[in-house]
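Trainee: Quick one: the structure is below, and I'll ask about it shortly.
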Protein chains: 2
Amino acid sequence: MTGFRSHMDAALAEARAAGARGEVPVGAVVVSPEGRVVAAAGNRTREMADPTAHAEILALRAACAALGSERLPGHDLYVTLEPCPMCAAAIGFARIARLYYGAADPKSGGVAQGARVFAHPQCHHAPEVYDGIGARESERLLREFFAGRRGGGAAPS
Amino acid sequence: MTGFRSHMDAALAEARAAGARGEVPVGAVVVSPEGRVVAAAGNRTREMADPTAHAEILALRAACAALGSERLPGHDLYVTLEPCPMCAAAIGFARIARLYYGAADPKSGGVAQGARVFAHPQCHHAPEVYDGIGARESERLLREFFAGRRGGGAAPS
């Protein structure tokens, strides 16, 4: 299986693993121009005590470290949830070519709502954006995670 | 010398050091509720090949690591340049109480222009914002740095 569905499946697997660690279940992968996954990460803000350790930031940093470059031209980023303004701006700085995301995030998103980071002249590179891919599974993971939290139950595994 | 001028002076020293390393000269410090500098950093995007290695992000991550917490309530952040949307959102996630910044950044800023990250309901914590502190020296450092680049000269030291 190749193409954008399998890359989003890889991001969803990272989201599930994050949820199993007690983190908000969001996952991301960076894919090279040749279609190879060069970095994959899930949210680790709690474990790392780092408010910047969102899945997208960790995946971008890992991809840049692997390539020895602060820019990733021609690379795509897949993430299970609409990026927040922090991650959207980082995606622009990294010169990501295409952003594929799953669920919309009316509460904290910064791409299609709120700050709309890519919509201002202060943003010097905007990726092509494709939303809604794998959204149902992403929303299910998030819903179960927060329901488990509210109920005081264990984090979903 | 105490208070916000000395903290901005510390941030300006970080900016100068960044410029001497060939990085865009921006510096930041995080100050505890007791007025102690708990982290200081300059921009290192080039050296670290990391598009997220802005001064603010590095200072926030270092402060969070020192405190073992992803939130820094009651802490202030001083930065020599208006934060971009990435850094502004990270400042919100870290629950910074007061943001003091120097020069405005019409080209890439995300606080007073463009994305205006703190102005949307998707931002769950906005610091008090004080701008223009040490702006003249910050602008001078940036102007000299970019003039040196255009002229092909050495980075300002």
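Values in this text are rule-based calculations from the coordinates and carry no lab data. A quick note: this is a predicted structure, and the numbers were derived from the prediction, not measured. Note that we place each Cβ from the backbone using ideal geometry, even for glycine, and neighbour counts take in every protein chain shown.
Trainee: Averaged across the residues of A:104-111, what count of C-beta atoms belonging to other chains lies within 10 Å of each residue's C-beta?
Mentor: 3
Trainee: For peptide B:68-76, compute the average count of partner chain beta-carbon atoms within 10 Å of each residue's beta-carbon.
Mentor: 2
Trainee: Separate question: Under the definition of partner shielding as Cβ atoms of other protein chains within 10 Å of a residue Cβ, what is the mean value for peptide A:116-124?
Mentor: Working: counts 6, 8, 2, 2, 8, 5, 13, 6, 2.
Rounded to a whole number, the mean comes out at 6.
Trainee: May I ask you to derive the relative contact order of chain B, considering only C-alpha pairs under 8 Å and at least 6 residues apart, and to give it as an integer percent?
Mentor: Worked out over chain B, it gives 22 percent.
Trainee: Under a Cβ-only charge scheme (Lys and Arg +1, Asp and Glu -1), can you give me the dipole magnitude of chain A about the Cα centre, in debye to the nearest 20?
Mentor: 240 debye
Trainee: Taking only Cα atoms, what is the 0 to 90° angle, nearest 10, from helix A:135-150's long axis to the longest principal axis of chain A?
Mentor: For helix A:135-150, the angle is close to 40 degrees.
Trainee: By how many degrees, between 0 and 90 and to the nearest 10, does the Cα long axis of helix B:4-20 differ from the longest principal axis of chain B?
Mentor: That helix lies at roughly 40 degrees to the long axis.
Trainee: With +1 on the Cβ of every Lys and Arg and -1 on the Cβ of every Asp and Glu, and nothing else charged, how large is the dipole of region A:96-141 about its Cα centre, in debye rounded to the nearest 20?
Mentor: For region A:96-141, the charge dipole is close to 60 debye.
Trainee: For region A:87-157 and region B:40-71, what is the separation of their C-alpha centers, rounded to whole Å?
Mentor: Using only Cα atoms, the two centres lie 23 Å from each other.
Trainee: Would you be so kind as to identify which of B:Val79, B:Ala103, B:Ala65 lies farthest towards the positive end of the dipole of region B:46-115, taking Lys and Arg as +1 and Asp and Glu as -1 on Cβ and the Cα centre as origin?
Mentor: Of the options given, the answer is B:Ala65.
Trainee: Sorted from fewest to most neighbouring beta carbons within 10 Å, what does the list B:His54, A:His125, A:His120 look like? List each step's numbers first, then the result.
Mentor: Working: B:His54 29, A:His125 14, A:His120 17.
By the 10 Å Cβ count, ascending: A:His125, A:His120, B:His54.
Trainee: Let me ask something additional. How big is the dipole moment of region A:66-157 about its Cα centre under a simple scheme where the beta carbon of each Lys and Arg is +1, that of each Asp and Glu is -1, and everything else is neutral? Debye, nearest 20, please.
Mentor: Charge dipole, region A:66-157, about its Cα centre: 220 debye, nearest 20.
Trainee: Calculated FRET efficiency, A:Ser32 and B:Gln113, Cβ-Cβ r, R0 41 Å, to nearest 0.05?
Mentor: It comes out at approximately 0.75.
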